[in-house]
Each structure stands twice: as structure tokens, then as C-alpha cells.
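See below for the structure under consideration.
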Amino acid sequence: MLNLRIRHYSLRQRMSMLGGYLALVISLFLSLLFFEHSSYLEDHKTSLGISEAEVQLLNLRRYEKDFMARMKPELLSKFQVQSERMSDKLDQWFSDLSQTGFRHPDMELLRKAMLAYRLNFLEYVEYRKQLGIFKNEGLQEDLNQLSSALLNSLPEKNSDSRALLTRLQSLHQVFLFDPEDDVVHEFERQATVLQSKLSTVQAEKLRLYRDAFQEAVRISSLMGYNENDGAHYLLRRAAHDMEARFSVLSDAVATHVEQRYQKRVFLIICSSVLLVALSALVLWRIAFNIATPLRQLKQDVELLRQGRRDLVFEFESDEIGKVFSSLRSFQSDLAQLDQMRAAEKQHQQVLLKEKQKLEQALAALKEAQGQLIQSEKLASLGSLVAGVAHEINTPLGIALTMGTTFSDHLKVFFHQMQTGQLRRSYVEEFQHDAEEGLQVMQTALHRAAHLIQSFKQVAVDQASEERRFFNLLQTVQGILQTMHHMVKRRDLEIQVMIPEDIFLDSYPGPFGQVISNFINNALLHAFAEEQHGVITISAVQEDEKVFVSFSDNGAGIAAKNLSRIFEPFFTTKLGQGGSGLGLNIVYNIVTGILEGEISVKSVPGEGTCFYLMLPLKVHTKEIADE
């Protein structure tokens, strides 16, 4: 006996301590996750604010440039709406930045730059409105009206003055489109020349026209002839200042976000290292206290696995002690199991011997079944031979009788011819009898030859089971001819309704055996000896399949037997000519060699119908030996 003393600590205190530690670790871990998630959301919101503000700024500049290029009021409205959105977005962005502790002097400078940009743009727009955004507005419209009034006051014969005024109209339009000092000087020079040629009233109209042009020059000067002077320059400088402030602030915010991320990473790494160290220490301590009894437990289990059943366990009544108590019970169960295995092994040996006997009996049964099936086939072929011999006997007997009669007449003819007693009337009578007898003999011999040929083809097919291309109607008719001797003694009518153009690439021998078995089954089971009956064989072709039906109007099959008719050795005429293998052979041939399907329907008292579905061309190249 092997005595083992197991010393261990209580698990309850260790598990309580481990549970508290795990709760602390999980709390710290969740706190870190919450801190990281909230910080990530703040940084993401800040970064998203930069992107949105940048998009707003780009849209604002685009609306400004579109308005200055196309001068449409709807573009001005879009600029004003976008500038309001930009201001709101900056306020929201600065508020989010303040919540993250970000402070930067360019935040206020960006607000001022934005305000200056809006004021300069509105000043520029005001100047454009005074000049006229469209042709029929502002000073542009005033210039057009004053010049047109002056032109209407000039007589048509004063062509020089009208030409000078037309030149002035062209100059003021050129100036409004592209303001230049040379255009202003040229306008004044041409106006001075024109004034000397006008009357007092016309000169007053010219003065008003010149004053309006000078006002347009003054406003254009304030707006700026190009991007480097006037309100236009101030607008461009304010836009550049706003973009520069935004760029500086974006870089500062990106740096701030990166610093916050680095601080969080450092904090998480330090916390993780601390938690891992504490976890390692706690787990090592707990593992040390638990590992000692578990190692002893492992050794005991290994001894049990090796076959030891004499171990004695001493333990305390705590959690691990319960495990050792279960192990002692397990040792007892193993001892009982060993006894059961020994008994089971003996029982298996007995079962193995019985199995071998059953296998031998099954092999013998299969061999007997094969012999019965072969005997059934040979019996069918023997019946075929007997029937053909019976059918051939009649025409051969007629031919023999006519040959004997002709030989007797021929002897009498030669005798009269040798004795000189041959008369003309006898020659004519002999000629008539000879022709008639030869005609009867020829008909009988043709009948016998036809029967022999049919028997030869059917016999070869059933004996060799060779695959070939055959006509369905001719094959069925040949089978019926060979079985005519069996049917003619009964009051039966066989109707064949098969089209002449159905050809199969299959096995005519097995198919003929199927038809023969159907007929034998109908003669044995469907009709009584003196009962009149009708057997119908029909077929129809659909695509690559042919559907064959064999039906009779005989006694039918009982419902309880309908599901068993294809089972081997099942028959209702046992001892009365039924072997129980006919329809089983049919089922095996149809579903195996012919690669088809078979089904049956029957109503007791009304008859039975077998349905075959066969492919026009089988896929197997050869038939395995049965």
C-alpha cells in the first residue's frame, strides 16, 4: 500500500483575495479605457473641427472669387451665409479647444482677421454696387442714359459730334470693364473737343455726362484699379492674413493633439506595466499555494493511469480535500471498470465467433440467391426453347408431309415414264399437285425459318447480355413470338401500342427478360385458367427517355402486398409455380443494367400496371458479372 500525505491551504481565502484583486484590476482597466475613449473623442472632435473650419474657409474664398469674377447677386448672398457659418464654426471650434485646455494668441487674431476680411469685402461690394453690378444699375446706367440723351439731342447731319460722342461711350464702357488712367485722359480730351462743337443746352448735358464719369473714376480709384491698390488690395491682404492665422492655429492645434496623445500613451504604458507586475506577483503567490497539491494530484492520477489501484489518500475536509475524496471514489470505480472490461473482452470474443458464423451463413445465402436467380434465368431460357420447338414443330411437320407426298408422286411419275404409261393428263395433274405442294412446303419452311431467327436473336440477347442498338417494337414482337405457345392456350389478348421509330442503345437481352417476367407474372397471378384478359404493352418517347407501361385487367394486387412485390422470395403462389424472384429480377435489371426506374399501381379486381422509365442510351460500358 502506498501512503501519501497531502498538505495544502484553504482555497476560500485565496479565492476571495483573487476575486478582490481581479475586481480592482478590472476597475482600473475600465477607468483607463474610459479615459482614453473620452480623450480620443475630444481629440477627434478637435481634429474634425480643424477640417470643417478649413472647408468653410475654402468655401468662403471660393464664393468671394466667384462673385468678383461673375458679379451675380446670388453669389453675394452665398458669401454672406458662408461667412456667418464660418464665424459660428470658429466660435464652436474655439469653445472645444478651450475645453481641452488649449490657449493661443492667434485665436483672437483669427477672429479679428475674419472680421476685417468681411468688412473689406462688404466695402468692395458697396463700391461695385455704386458702379453697378449689372449694366442697368448705378453709375453705369447713369452714364448710358446721359450719353444716350446727348446723342439724341445731336442732329444727324452733325456726324463729327455724333462720332465723338460714340467714342466717349466706348471709352466709359472700357473704363468700367478695365479702369486705366490712359482711358480717363483720353475721355477728357475727347470731351473737351466735343464741348467746343455743342450748343449751350448740349454743353450742359455733356457736363452732366462728364461729372458722372468723374464720379465713376473716383469710386473705381477707391475700389482699386487692380489687386495692388484700393479696397481690392485691402480685401486680398485681409484674406491672406486670415489664412495665415488659420494655418498657424491649425499647426498649433495639431501639436496640442499630438502632445495629449503622447501623454495618454505614457500613462497607459505605465499603468499597464504596474498592473502586469502586480498581477504576476499575486498569481505567482496563488499558483505556488495551489500548485503543490495539484502536482501531488497529477502524480496520483498518473499512477492510476498506469494501473495502480492500491493508493491510500489522506486529506483534510476542504475544497482540494473533496477532489482527493472524489479521486478515491474514482479509484474504486476504476477497479470495477477493470473487472467489467475483462468480462467485456470475453463477451467480445464470443460475439466475434458468432459474427463469423453469421457472415458465413450470409455468404451461403447470397450464393444460394445467386443460384436461384441463375436457375430462374435458365428456366426462362428453357421455356423459351420449349416454346420455340413447339411452334416450329407444326411448319416442319407440314413440310415433311408435303415432302413425303411429293416423293411418292415423283416415284409414280418416273415409273410411268419408264414403262411408257405416262399420259398427258397425268403430267398436267402431277404438275398442278407439285406446284401446290411446293408452295405449301415453302410457306411452312419460311415460317420455321422466321421462328428460328427470332429465337436465335432472343436467345443470344438473353444469354450474352450484350449492349447494342435495337428497335423497341421489333424486340417486343420477337419476345411475344417466342412466348406464343404459352399465351395461345389461354383466352388472352396482347395489345402492343409502341411506335415504330423508338430505338434504344441498351441491352435487349435484360429488357426481354423483363417483358418475359411480366408476362409470366400476369399468367400466374393476374388471370385464372379460363378467364379472358387483355395485356397491353405501350411506350412513348419524351426527349432522351422512353416510358414503357405493362398493364393487365386481371385480379390486381392487394394493398398490403403492393410495397413488397419487388422483395426477393416474396410470392402469393408459393408451391403453385411462384418462386418469388421474378419481379425482384425485374427490379434489379431495370434499376441496375438498364439504368431506369420502375413503379407499380394496382387496384384489386381492376388490374395492375407497371411503369418503366428508361434512358434511350445507357452510360455503362459493360455489365458486371452477376
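The values are calculated or read from the model by the stated rules, or taken from the named source; none is laboratory data. This is a predicted model, so every value here is computed, not measured. Virtual Cβ from ideal backbone geometry, glycine too; neighbours counted across all protein chains shown. The area values use the complete protein model at the heavy-atom level, side chains included, leaving out ligands, DNA and RNA. Shrake-Rupley method; radii C 1.70, N 1.55, O 1.52, S 1.80 Å.
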Inset, instruction - Report Phe121's accessible area, 1.4 Å probe, all protein chains in place, as a number in Å² to the nearest 10. - result: 0 Å²
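In what order, largest first, do Leu473, Leu249 sit by accessible area if the probe radius is 1.4 Å? Walk me through the numbers before you get to the answer.
On the way: Leu473 20, Leu249 0 Å².
Correct descending sequence by accessible area is Leu473, Leu249.
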Inset, instruction - Using DSSP to define loop residues, name the trypsin sites (Lys or Arg not before Pro) in segment 53-90 whose beta-carbon has at most 16 other beta-carbon atoms within 10 Å. - result: none
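Between Ser599 and His532, what FRET efficiency comes out of the Förster formula 1/(1 + (r/R0)^6) with R0 = 25 Å and r the beta carbon distance, rounded to 0.05? Spell out each step's value before the answer.
Details: r = 27 Å, r/R0 = 1.09.
Once the sixth-power term is evaluated, E becomes 0.35.
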Legend entry - Projected label distance in nm at Gln495 and Glu258, using a 7 Å step from Cα toward the beta-carbon: 10.1 nm
Legend entry - Dipole of segment 509-572, positive direction: furthest Cα of Gln513, Phe570, Ser549, with charges on the beta-carbon: Phe570
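At 37 °C and 0.692 mPa s, grab the translational diffusion coefficient of segment 162-267 from Stokes-Einstein with a Kirkwood Rh over Cα pairs, rounded to a whole number in µm² per second. Walk me through the intermediate numbers first.
Numbers: Rh = 17.8 Å.
Once the numbers are plugged in, D ends up at 184 µm²/s.
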Inset, instruction - Quick one: compute the contact order of segment 121-228, relative version, from alpha carbon pairs under 8 angstrom and 6+ residues apart, as a percent. - result: 36 percent
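Would you tally the net charge around Glu429, using a Cβ to Cβ cut-off of less than 12 Å, leaving Glu429 out, and scoring K and R as +1, D and E as -1?
-2
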Inset, instruction - Compute the Cα gyration tensor for segment 134-224, then decide on rounded, prolate or oblate, letting a ≥ b ≥ c be the square roots of its eigenvalues: rounded whenever a/c is under 1.5, prolate when a/b is larger than b/c in the other cases, and oblate in all that remain. - result: prolate
Legend entry - Rounded to the nearest 10 Å², the accessible area of Thr404 at probe 1.4 Å: 70 Å²
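Determine the sum of side-chain charges near Leu492: Lys and Arg each +1, Asp and Glu each -1, restricted to other residues whose C-beta is under 15 angstrom from that of Leu492. Numbers along the way, then the final one.
Numbers: positive: Lys488, Arg489, Arg490; negative: Asp491, Glu493, Glu529, Glu530, Asp552.
Net of charged neighbours comes to -2.
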Inset, instruction - Measure off 7 Å from each Cα along the Cα-to-Cβ vector at Leu304 and Val282, then give the distance between these two points in nanometres to one decimal. - result: 3.2 nm
Inset, instruction - Extending each Cα 7 Å along its Cβ direction at Met340 and Gln80, get the distance between those two points in nm, one decimal. - result: 9.6 nm
Inset, instruction - Step through the residues of segment 108-117 one at a time and calculate ³J(HN,Hα) from phi using the Karplus curve (6.51 cos²θ - 1.76 cosθ + 1.60, θ = phi - 60°), rounding each to whole Hz and writing x for Gly and Pro. - result: 6, 5, 5, 4, 5, 4, 5, 5, 4, 4
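Would you list Met114, Met441 from the most to the least accessible area, probe 1.4 Å? Show your work: numbers first, answer last.
Details: Met114 5, Met441 40 Å².
So, going from the largest accessible area down, we get Met441, Met114.
How big is the charge dipole of segment 463-506 about its Cα centre, in debye rounded to the nearest 20, if each Lys and Arg gets +1 on its Cβ and each Asp and Glu gets -1 on its Cβ?
Details: 5 positive and 7 negative charges, 53 e Å.
So the magnitude is around 260 debye.
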Inset, instruction - Arrange the residues Phe469, Phe414, Phe430 by how much accessible surface each exposes, largest first, with a 1.4 angstrom probe. - result: Phe469, Phe414, Phe430
Legend entry - Relative contact order %, segment 179-268, counting alpha carbon pairs below 8 Å whose residues are six or more apart: 17 percent
Legend entry - Amide hydrogen neighbours beyond the local backbone of Val534, cut-off 5 Å, H modeled: Glu493, Asn553
Inset, instruction - Express in Å², to the nearest 10, the accessible area of Glu354 obtained by rolling a 1.4 Å probe over the protein heavy atoms while all chains stay in place. - result: 90 Å²
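If r is the Cβ-Cβ distance from Ser159 to Glu123 and R0 is 41 Å, what FRET efficiency results, to the nearest 0.05?
Efficiency computed from Cβ-Cβ geometry: 0.40.
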